[in-house]
Amino acid sequence: MSNNVKLAINLNLDGAYIPSFNKNSNHLSFSKSKNFLLLGSAHNNKEIKIKEKQGVNILFLSSIFKKNKNYLGLNKFRLLANLTNKEVIALGGITSKNLKKFNLVNCKGFAGISFFEKKNGPL
């Protein structure tokens, strides 16, 4: 469930996703099960700190490879990932060709839509 923690709790879901633009912390007063996971996304240190205050368990950090307005590159990604004790998942421009570069950064894994399309082939 994206951007609606209260509804995710009411539907008895396993968790919710809080996008980077959401700075709200109202969900902290909601009663959640101990296994409820909060995922959040961030693009810079300020957003990482907001997500930590929001109590996210896992942090999506982007964009590691895709050269868009949130482009970080490997070095900045690594620096930002090291600023948090949350598990970090990489997003943005991940292909089978640059997958080996993940050994250079501190992240738990990666996610993305385009990676899992046929064009990238099997891992």
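Bear in mind that the values in this text are calculations on the coordinates, not laboratory data. It should be emphasised that the depicted structure is a prediction, and the values quoted were computed from it without experimental measurement. Methodologically, a virtual Cβ is constructed for each residue, glycine included, from the backbone with ideal geometry; neighbour enumeration extends over all protein chains shown.
Of interest is the spacing of the C-alpha centroids, which for region 31-76 and region 100-114 amounts to 14 Å.
Of all segments of the chain bounded by chymotrypsin sites (Phe, Trp or Tyr not before Pro) found in a DSSP loop with no more than 14 other C-beta atoms within 10 Å, the longest spans 31-123.
To the nearest 0.05, what FRET efficiency results for residue 76 and residue 4 with a Förster distance of 30 Å applied to their C-beta separation? Numbers along the way, then the final one.
Details: r = 31 Å, r/R0 = 1.02.
So the FRET efficiency works out to roughly 0.45.
In this structure, the pairs whose alpha-carbon distance is over 27 Å, taken from 32/66; 34/69; 23/97; 34/101; 66/108, are 32/66; 34/69; 23/97; 34/101.
With a cut-off of 12 Å between beta carbons, the residues surrounding residue 14 carry a summed charge of +2, where Lys and Arg count +1 and Asp and Glu -1. Springs join every pair of Cα atoms under 10 Å in this Gaussian network model of the chain, and among 90, 16, 111 the largest mean-square fluctuation is at 111.
Rounded to the nearest 20 Debye, what is the dipole magnitude of region 27-110 about its Cα centre when Lys and Arg each give +1 and Asp and Glu each give -1 at the C-beta? Mind dumping the intermediate values first?
Numbers: 16 positive and 3 negative charges, 42 e Å.
Value, rounded to 20: 200 debye.
Using Cα pairs under 8 angstrom and six or more residues apart, how large is the relative contact order of region 5-120, in percent? Mind dumping the intermediate values first?
On the way: 190 pairs, mean separation 21.2, N = 116.
The value is 18 percent.
Residue order for 37, 59, fewest other beta carbons within 10 angstrom first, comes to 37, 59. In the chain, inverting the average of 1/r over every pair of distinct C-alpha atoms gives 15.1 Å as the Kirkwood radius. Amide H contacts of residue 37: 15, 16, each under 5 Å away and 5 or more positions distant or on a separate chain (H built 1.01 Å from N in the peptide plane; Pro and chain starts excluded).
A simple spin-label model places pseudo-atoms 7 Å from Cα toward Cβ; at residue 95 and residue 31 they are separated by 5.1 nm.
Here's the picture: charge each Lys and Arg Cβ at +1 and each Asp and Glu Cβ at -1 in the chain, and of 71, 37, 19 the one pushed furthest to the positive end of that dipole is 71.
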